[in-house]
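Report on the structure given below.
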Amino acid sequence: MLAAELHKYHNYPTLVLADMNATRKLGDSTSGRNMSRALQTIFADFNLIDMWETLHPGLAGHSYFYPKGSSRIDIIYASQHFRQNFNQISTERLIFSDHLMIKASIKGAITTHLVSKFHWKCNESILENPEYILLVNNIWRYYLTLQQYHTNLPRWWINIKKTIRFETKAFSQQLQKDQKIQIQHYYERLAQLKC
């Protein structure tokens, strides 16, 4: 699928930002597992540059940590066109994630075409919302009561993350709907005041 999408847009400046669940070469994982030569071939065929390696040569940049090691499966690749636009790239811890976030600073205007239609990203402003904080606290308390029944602790943790993600998405969508209704209400009031 990745190769097909890249082929479709091969004449355009391209950025690939992804959790690949596979590594490209031996140094990308402490265990050497999940290495995909296909990924290496795809990125080479489309002349895409690994921005972490470009800006941090020699640094591992692992973004996923598990009990027996770590790996670099979260990536940012760019076509030659974008190479000079990158100021910096770094990793940053995220709440409720077993991955580090890959954070890049890009200068200049970039016009984008989002290929993935199923990606959702949390609006971080809700992290300060008291109702959201209460929601997450309640989820956490609920799962703590279940912990004693789980013999598989990683599975218990994965279930917590899935629930928080699902509830966060629902909370964000409801918040957005409420805001749209409120804005519509303001427009109607302004129209009445103009009359």
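On the stretch given as the stretch 33-81, residues that are closer than 13 Å to MET20 by Cα and touching a residue at least 60 places away in the same chain (Cβ under 8 Å) total 2. PHE96: closer than 20 Å to LEU15 by Cβ, modelled with pLDDT under 80 and not basic (Lys, Arg), yes or no? No: the conditions fail for PHE96. If the condition is being of a type in the set (D, E, K, R) and touching a Lys or Arg at 6+ places or on another chain (Cβ under 6 Å), then the stretch 27-73 contributes only ASP28. In the set (1) surrounded by 12 or more Cβ atoms within 10 Å (Cβ to Cβ); (2) of a type outside the set (Asp, Glu); (3) more than 30 Å from ILE158 (Cβ to Cβ), LYS8 fails one condition alone, (1).
Residues checked against (1) hydroxyl-bearing (Ser, Thr, Tyr); (2) over 30 Å from THR163 (Cβ atoms); (3) part of a strand (DSSP E or B); (4) modelled with pLDDT under 85:
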{"site": "ARG33", "(1), (2), (3), (4)": "no, no, no, yes"}
{"site": "THR41", "(1), (2), (3), (4)": "yes, yes, no, no"}
{"site": "THR91", "(1), (2), (3), (4)": "yes, no, yes, no"}
{"site": "ALA109", "(1), (2), (3), (4)": "no, yes, no, yes"}
{"site": "LEU114", "(1), (2), (3), (4)": "no, no, no, yes"}
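Residue by residue, here is whether (1) in the same structural domain as TRP157 (by TED's automatic domain parsing); (2) of a type outside the set (S, T, N, Q); (3) more than 22 Å from the chain's Cα centre (by Cα); (4) loosely packed, with under 14 Cβ neighbours inside 10 Å holds:
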| site | (1), (2), (3), (4) |
| --- | --- |
| THR14 | no, no, no, no |
| LEU17 | no, yes, no, no |
| ARG24 | no, yes, no, no |
| ASP28 | no, yes, no, no |
| LEU39 | no, yes, no, no |
| ALA44 | no, yes, yes, yes |
| LEU55 | no, yes, no, no |
| SER63 | no, no, no, no |
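Does at least one position in the stretch 136-153 carry a residue that is at pLDDT 85 or above, within 25 Å of HIS62 (Cα to Cα), surrounded by 10 or more Cβ atoms within 10 Å (Cβ to Cβ) and touching a helix residue (DSSP H, G or I) at 6+ places or on another chain (Cβ under 7 Å)? No, every residue in the stretch 136-153 fails to be at pLDDT 85 or above, within 25 Å of HIS62 (Cα to Cα), surrounded by 10 or more Cβ atoms within 10 Å (Cβ to Cβ) and touching a helix residue (DSSP H, G or I) at 6+ places or on another chain (Cβ under 7 Å). Quick check, is GLU124 among the acidic types (Asp, Glu) and at pLDDT 85 or above? No; evaluated as a whole, the condition is false for this residue.
Of the residues making up the stretch 59-70, those that are more than 16 Å from ILE89 (Cβ to Cβ) and touching a helix residue (DSSP H, G or I) at 6+ places or on another chain (Cβ under 6 Å) number 0.
The values are calculated or read from the model by the stated rules, or taken from the named source; none is laboratory data. Just so you know, these numbers come straight off a predicted model, no measurement behind them. When we count neighbours, we look across all protein chains shown, and the Cβ atoms used for this are built from the backbone with ideal geometry, even at glycine.
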